[in-house]
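Taking it in order: structure first as structure tokens, then the write-up.
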Amino acid sequence: MTTPRLFTPLAIRDVTFKNRIVIAPMATYSAVDGIAQDWHLAHLGRFALGGAGCVMVEATAVTDQGRITNGDLGIWSAEHARPLKRIAAFMKQQGTIPAIQLAHAGRKGSMQRPWHGNGALTAEDLARGDKTWPIVSAVAEPMAPGYIVPQALSVADIGQLVQDWAAAAGRAVDAGFEMIEIHNAHGYLAHQFLSPLSNKRNDAYGGDFAGRTRFPLEIAEAVRKAIPKGMPLFLRVSAVDGIDGGWTMDDTVAYAKALKARGVDVIDCSSGGLVGSATAARVKRSWGFQVPYAERVRREAGIMSMAVGLIVEPALAEDILQKEQADLIAIGREALVNPCWPQMAEVALGRAMKDALDGWTVQYGWWLKLRERTIADIRADEAR
Ligand SMILES: Cc1cc2nc3c(=O)[nH]c(=O)nc-3n(C[C@H](O)[C@H](O)[C@H](O)COP(=O)(O)O)c2cc1C
């Protein structure tokens, strides 16, 4: 049997991903003052045991102001990096590449956790112990009526934030992460600068494409400089806004070329989120609905891409790679359903369970191999 592409290793700079599966960043809004808890080790630990080539820690704020909710992870101090170091070490020990997504929410900050409504914080949230904080964006316009009005960033503020991103990346490296993803998607700060719908500045950081991409490109450049040369750098975009007059796929291709020139290795292609929650459907959903974005970026910008979004069946993941529509596959919610999705995908794509178990952690694999023999005996009895 030839090895499925999904299980073919991929080397990016000095790091080799043992397979093409990346567990997507998924915010769990369960940090305390930005600090990772036992929850995060257990949650990410499930994925680390599941056989993915890489597991990515959820959106982690580069400054306290950059959190979406009171429960967001942060990495704005050494104290924040400490529990993340333990998590990265555990991931590494389990044979997966430890990765982290760095983020800044901009005008989508100081909000409710999704299950409390995803809106502006209310008196009820404050009674629960949540706090509000002043937020920032490209211009002083809230995401929608009823949300906090952000302060427009000055050029000096932008310069400071670029340094904050670089410092956060440095802390992530010190904590043991081996891949960093910059969050430019879902309507958060960088996206607020990219999209003409939210960036109405008339200085060097707004206006035309060059102006609107200036700050996000400065972030990419600074992060690239702050991490080792051999470390892969990913960047997640919302490939399209899905709103008239917004950011388009042509913009994404041009932006990907500029990112490539600044040392970004992989474009992670998501979509939407400029207005409303990141999950608000502006783009019609279907299996692998965002794959065409990853395909165009890869083909037209000549940079590796990662496909994400409703990729559930291993056969679809394999097909995307076979058709060279993407280089990597990110799995999000299906990994919440089954953290062993990568391990079971290998079996679904043709490897015998008894052999696949060699790749599992010995604490499980050893017993399950015995069980495979028992199951084989039972089946032989049944067939008699
Ligand atoms: C609970 C949850 C939290 C998420 N948090 C993040 C996040 O922190 N950063 C991000 O870029 N995307 C986030 N997303 C989006 C996922 O990374 C992924 O793109 C999306 O769920 C689509 O992939 P899927 O269909 O495989 O779940 C989140 C999604 C879910 C379900």
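No lab work stands behind these numbers, since they all come straight from the coordinates. The structure presented is a predicted model; accordingly, all values stated were derived computationally and were not measured. Glycine gets a Cβ as well: all are built from the backbone with ideal geometry, and neighbour counts include every protein chain shown.
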Diffing segment 162-173: the Karplus 3J(HN,Hα) column from phi (6.51, -1.76, 1.60, θ = phi - 60°), in whole Hz with x for Gly and Pro, holds 4, 5, 4, 4, 5, 5, 5, 4, x, 5, 5, 5
Between TRP366 and ALA380, the two model label points (7 Å from Cα along the beta-carbon direction) sit apart by a distance in nm of 2.4
Residue by residue through segment 297-312, the couplings from Karplus 6.51 cos²θ - 1.76 cosθ + 1.60 with θ = phi - 60°, in Hz, x for Gly and Pro, are 4, 4, 6, 8, 9, x, 10, 5, 9, 10, 9, 8, x, 6, 9, 10
Scoring segment 2-87 by relative contact order with C-alpha pairs under 8 Å, at least six apart, yields a percentage of 31
Computed, not fitted: 222 nm per-residue ellipticity of the chain from DSSP H runs ≥ 4 (each -39500 (n - 2.57)), nearest 500, equal to -12000 deg cm²/dmol
With the dipole of the chain defined by +1 on each Lys or Arg Cβ and -1 on each Asp or Glu Cβ, the option from GLY45, SER110, ALA348 whose Cα lies farthest towards the positive pole is ALA348
Given backbone amide H placed at 1.01 Å from N, residues whose amide H is under 5 Å from that of THR96, ignoring those fewer than 5 places away on the same chain, are none
Ranked output for segments 58-69, 308-319, 283-294 by mean other Cβ atoms within 10 Å, highest leading, reads 58-69, 308-319, 283-294
Note on segment 100-176: alpha-carbon gyration tensor, axes a ≥ b ≥ c; rule is a/c under 1.5 for rounded, else prolate if a/b larger than b/c, else oblate; result oblate
Magnitude of the Cβ-charge dipole (Lys and Arg +1, Asp and Glu -1) of the chain about the Cα centre, nearest 20 debye, reported as 400
In this structure, the FRET efficiency calculated for TRP287 and ASP174 from their beta-carbon separation, with R0 = 35 Å, to the nearest 0.05, is 0.30
Percent antiparallel among DSSP beta bridges confined to the chain, rounded to 5, stands at 10
Note, segment 92-102: 3J(HN,Hα) by Karplus (6.51, -1.76, 1.60, θ = phi - 60°), whole Hz, Gly/Pro = x, goes 4, 4, 8, x, 10, 6, x, 10, 9, 9, 9
Residues whose built amide H sits under 5 Å from the amide H of LEU233, excluding neighbours closer than 5 in sequence, are ASP265, VAL266
The FRET efficiency for THR16 and GLU313, from their Cβ-Cβ distance with R0 = 25 Å and rounded to 0.05, is 0.45
Gyration tensor on Cα atoms of segment 171-307, a ≥ b ≥ c root eigenvalues, a/c under 1.5 rounded, else prolate if a/b beats b/c, else oblate, says oblate
Taking placed amide H atoms and a strict 5 Å upper bound, the residues 5 or more places from SER305 or on another chain that come that close are ILE267, ASP327, LEU328
Relative contact order of the chain (C-alpha contacts under 8 Å, at least 6 apart) in percent is 15
The farthest towards the positive end of the charge dipole of the chain, of the residues GLY332, ALA175, SER195, given +1 on Cβ of Lys and Arg and -1 on Cβ of Asp and Glu, is ALA175
Taking a ≥ b ≥ c as the square roots of the Cα gyration tensor eigenvalues, with a/c under 1.5 meaning rounded and otherwise prolate when a/b beats b/c or oblate if not, the chain comes out prolate
Packing-ranked peptide list from 85-96, 151-162, highest mean Cβ count within 10 angstrom first, is 85-96, 151-162
Once normalised by the length of segment 144-231, the mean sequence separation of its alpha carbon contacts under 8 Å that are 6 or more apart gives a contact order in percent of 32
